[in-house]
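See below for the structure under consideration.
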Number of protein chains: 2
Amino acid sequence: MLGNPIRDRRAERREATRAEILDAAWEMVRSEGLAGLALRDLARKVGMQAPSLYSYFDSKHAIYDAMFAQGARAYLERESLIPTTGDALTDLRAGLRSFIGFCTEDPARYQLLFQRTIPGFEPTPETFAIAVAGLERLKDRLAGIGVTDPRSVDLLTAIGTGITDQQISNDPGGGRWSRLVDDAAEMFCNHMNATPNPPRRNRK
Amino acid sequence: MLGNPIRDRRAERREATRAEILDAAWEMVRSEGLAGLALRDLARKVGMQAPSLYSYFDSKHAIYDAMFAQGARAYLERESLIPTTGDALTDLRAGLRSFIGFCTEDPARYQLLFQRTIPGFEPTPETFAIAVAGLERLKDRLAGIGVTDPRSVDLLTAIGTGITDQQISNDPGGGRWSRLVDDAAEMFCNHMNATPNPPRRNRK
DNA sequence: CTTGAATCCGAACGATGTTAGGGAATCCGA
DNA sequence: TCGGATTCCCTAACATCGTTCGGATTCAAG
């Protein structure tokens, strides 16, 4: 009952072709930009004609969705590889730096995951759930230092994506920005230490 | 020598039509999204055919550029309207809140100004200079509390755009986010107070 | 050998930004 | 008032895009 070996070989080949298409798509997207993915070029890159792609993906957006899933999974994997020191604060800093590093090392992937830049595209709920799971890891790191306010998580990712965005569009060189990441982590941790669950403060 | 009155009327009419086109473009962009601007629809909206637009703008990107300039000027104007209290810290907070308010009140404008989301589009140097002048105002506010490190300005705008981005894509309602802005300003000011020109700190 | 599904291709559709060429109004100098 | 130039707007068309259609080709299953 464990699957016909011939059908398996079929499915295996199909899956291999899908992977080949996605690899080529990543390559195009990294060199031409996220919006530079043209189906005719993509098809030629894997040795077929444009309409043939529709045997493997329902639409161009379906290709983006599959790439989104790959990207989100890559972050999950990266998160799990961060060494834990036992000190919650150090681990939080490591998590933030990892997050921003992940974002900046591949601008196209960052744009796909964290910006709504492709006109009609929204990731599938199942696909989006993978990304949510990744941010859950960051949330856990915050919980490690006693911060459970959901606003804090939002603020953390906001800082992360904000820095990434500035970095990508303004600073090709990047020496200055990596230190900026440190400053942001520092600042965030200081704030969190000062007010673990920040109450509303009267200002005037 | 002060310009033929007839030529002036010509130029005046031309400028009025340009403005009408841009107004219609903003309307389309706000309802259909930044990428939803179709020249044929835009032309019909102002009572002409698509190619006629090329009498007023060299290309679609030129329209985006003009819109960028309008948006940047709008920020400059808004900045100049913030009441100054004399307390530099309060003024800085007001500046940050104004910045984020400006970004969030019109997502399409924010996307045009602060994200590189239109495939081939880069603002003209002159146009971009307007936006730079706007951020210069924020820099002045930082200088007001004794912070001159350019990294701090980058960090401030990074936090601003990051929060805006999260807010736009995640939170249509928005009650939670407006308080988040306060927290961010608070956090930023605390950090800046602690380390006006933040030195590298040994951590371990 | 035949059936039927999966895969691939050529042609074509609608929509996009853009260009070419012509016609009509308007303004200018004579 | 009359030509010539300029400006504005149009129809037609082009290249490119994602996508659909219909027909081949392939290949395992009955």
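The values are calculated or read from the model by the stated rules, or taken from the named source; none is laboratory data. Predicted, not measured: the structure shown is a model, and the values here were computed from it. FYI the Cβ positions are ideal-geometry reconstructions off the backbone, even for glycines, and counts take in every protein chain you see.
In the set (1) part of a helix (DSSP H, G or I); (2) over 16 Å from residue A:157 (Cβ atoms), residue A:102 fails one condition alone, (2).
The residue that is nearest to the chain's Cα centre (by Cα), among those in region B:79-101 that are free of Cβ contacts under 8 Å to residues at least 60 places away in the same chain and within 12 Å of another protein chain (Cβ to nearest Cβ), is B:94. More than 13 Å from DNA strand C (Cβ to nearest atom) and polar (S, T, N, Q), is that true of residue B:52? So residue B:52 fails the test.
Restricting B:90, B:164, B:117 to residues that are of a type in the set (S, T, N, Q), touching a helix residue (DSSP H, G or I) at 6+ places or on another chain (Cβ under 7 Å) and modelled with pLDDT of 85 or more narrows the list to B:117. Here is a check on your reading of the model: is residue B:74 within 16 Å of DNA strand D (Cβ to nearest atom), assigned to a helix (DSSP H, G or I), over 26 Å from residue B:186 (Cβ atoms) and not acidic (Asp, Glu)? No, not satisfied.
A search for C-beta distances below 9 Å between a residue of region B:38-56 that is within 14 Å of another protein chain (Cβ to nearest Cβ) and any residue that is within 8 Å of DNA strand D (Cβ to nearest atom), counting only pairs 6+ apart in sequence or on different chains, returns B:38/B:50.
Given the condition under 20 Å from the mean Cα position of the chain (by Cα), under 25 Å from residue A:117 (Cα atoms) and more than 8 Å from DNA strand C (Cβ to nearest atom), answer yes or no: does some residue in region B:37-49 qualify? No, region B:37-49 contains no residue that is under 20 Å from the mean Cα position of the chain (by Cα), under 25 Å from residue A:117 (Cα atoms) and more than 8 Å from DNA strand C (Cβ to nearest atom). A count restricted to region B:7-34 and to residues that are closer than 20 Å to residue B:54 by Cβ, surrounded by 14 or more Cβ atoms within 10 Å (Cβ to Cβ) and in contact (Cβ under 8 Å) with a residue 24 or more places away in the chain stands at 8.
Among the numbered conditions (1) in a helix (DSSP H, G or I); (2) in the same structural domain as residue A:168 (by TED's automatic domain parsing); (3) over 21 Å from residue A:110 (Cα atoms), the only one that residue A:86 does not meet is (1). If you scan region B:11-69, which residues turn out to be within 21 Å of residue B:126 (Cα to Cα), in a loop (DSSP other than H, G, I, E, B) and more than 9 Å from DNA strand D (Cβ to nearest atom)? Within region B:11-69, B:57, B:58, B:59 qualify.
Taking region B:114-130 as the range and being of a type in the set (A, V, I, L, M, F, W, C) and either on the phi > 0 side of the Ramachandran plot or within 11 Å of chain A (Cβ to nearest Cβ) (or both) as the test, the residues that pass are B:114, B:118, B:121.
For region A:111-135, the set of residues classified as charged (D, E, K, R) and surrounded by 14 or more Cβ atoms within 10 Å (Cβ to Cβ) consists of A:116 only. None of B:129, B:143 is under 30 Å from residue B:33 (Cβ atoms), assigned by TED's automatic domain parsing to the domain that holds residue B:187 and in a helix (DSSP H, G or I) except B:129.
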